[in-house]
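Visitor: Got a structure for you, written out below as structure tokens; questions coming shortly.
The values are calculated or read from the model by the stated rules, or taken from the named source; none is laboratory data. Not measured: the values here are computed from a predicted model. Methodologically, a virtual Cβ is constructed for each residue, glycine included, from the backbone with ideal geometry; neighbour enumeration extends over all protein chains shown.
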Amino acid sequence: MPEPFAPVTPETRDLYTRLLDAVKAIGPYRVDVKKYSLQLMRRISFAGVHPRKNFLLLTVKSDVPVENTRVIKAEQVSKSRWQLDLKLTSAAEIDAELLGLLRHAYEICE
């Protein structure tokens, strides 16, 4: 596992693997490993995965604000870009709703 996974539980590592498997259905991408995170890249990053001991903090890009109870933080980072933070604690949260957010992010990061 990449260095960002040093302090995490086996369950969190499994959650990351399941997330990557689900994202494969959206389209081709690569993973860029950073010091404390992993960036899911198309041409540019469409999502960031920040491993924590017992969960994954997932940052998803958007071109519009999103009101969703699963979004724990939404930040407008430029005129036409938003970053949405979501906390993933179980594989059940990798559902159609989350994949819809990731698909939209993937499409706008062409």
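Visitor: Out of (1) out of contact with any Cys (no Cβ under 6 Å at 6 or more places or on another chain); (2) closer than 19 Å to Tyr16 by Cα; (3) in a strand (DSSP E or B), the odd one out for Glu75 is which?
Guide: (2)
Visitor: If you take the residues of region 48-64 that are touching a residue at least 40 places away in the same chain (Cβ under 8 Å) and outside any strand (DSSP E or B), which of them is surrounded by the fewest Cβ atoms within 10 Å (Cβ to Cβ)?
Guide: My answer is Lys53.
Visitor: Does Glu67 meet the test of being among the charged types (D, E, K, R), in contact with a Lys or Arg (Cβ under 8 Å, 6 or more places away or on another chain) and in a loop (DSSP other than H, G, I, E, B)?
Guide: So Glu67 does not fit the description; no.
Visitor: Examine region 75-86 for a residue that is in contact with a strand residue (DSSP E or B) (Cβ under 9 Å, 6 or more places away or on another chain) and of a type in the set (Asp, Glu), and state whether such a residue exists. Step through it out loud before you land on a result.
Guide: Residues of region 75-86 that are in contact with a strand residue (DSSP E or B) (Cβ under 9 Å, 6 or more places away or on another chain), as a first pass: 75-77, 81-86.
Within this subset, residues satisfying the condition of being of a type in the set (Asp, Glu) are 75, 85.
Looking for residues that are in contact with a strand residue (DSSP E or B) (Cβ under 9 Å, 6 or more places away or on another chain) and of a type in the set (Asp, Glu), one finds at least one in region 75-86, hence yes.
Visitor: Confirm whether Ser45 is surrounded by fewer than 14 Cβ atoms within 10 Å (Cβ to Cβ) and in contact (Cβ under 8 Å) with a residue 40 or more places away in the chain. Working first, answer last.
Guide: Numbers: surrounded by fewer than 14 Cβ atoms within 10 Å (Cβ to Cβ): no; in contact (Cβ under 8 Å) with a residue 40 or more places away in the chain: yes.
No: the conditions fail for Ser45.
Visitor: Tell me the residue from Tyr16, Tyr29 that is in contact (Cβ under 8 Å) with a residue 60 or more places away in the chain, surrounded by 13 or more Cβ atoms within 10 Å (Cβ to Cβ) and either within 16 Å of Tyr106 (Cα to Cα) or not hydrophobic (A, V, I, L, M, F, W, C) (or both), please.
Guide: Of the residues listed, the single one that is in contact (Cβ under 8 Å) with a residue 60 or more places away in the chain, surrounded by 13 or more Cβ atoms within 10 Å (Cβ to Cβ) and either within 16 Å of Tyr106 (Cα to Cα) or not hydrophobic (A, V, I, L, M, F, W, C) (or both) is Tyr29.
Visitor: Within region 78-104, can you find the residues that are part of a loop (DSSP other than H, G, I, E, B) and surrounded by 11 or more Cβ atoms within 10 Å (Cβ to Cβ)?
Guide: Selection gives Thr89, Ile94, Asp95.
Visitor: If we scan region 48-68, do we find a residue that is of a type in the set (A, V, I, L, M), over 22 Å from Glu110 (Cβ atoms) and within 11 Å of the chain's Cα centre (by Cα)?
Guide: For region 48-68, residues of a type in the set (A, V, I, L, M), over 22 Å from Glu110 (Cβ atoms) and within 11 Å of the chain's Cα centre (by Cα): present.
Visitor: I'd like the full set of residues that are more than 14 Å from the chain's Cα centre (by Cα) and farther than 11 Å from Ala91 by Cα, limited to region 14-32.
Guide: Across region 14-32, the qualifying residues are Ala25, Gly27, Pro28.
Visitor: Can I ask one more? Given the criteria exposed (fewer than 15 other Cβ atoms within 10 Å of the Cβ) and either in a helix (DSSP H, G or I) or at pLDDT 95 or above (or both), does Glu107 qualify?
Guide: Taking the combined requirement at face value, the residue satisfies it.
Visitor: Taking the condition outside any loop (DSSP other than H, G, I, E, B) and modelled with pLDDT of 95 or more, does Arg18 pass?
Guide: yes
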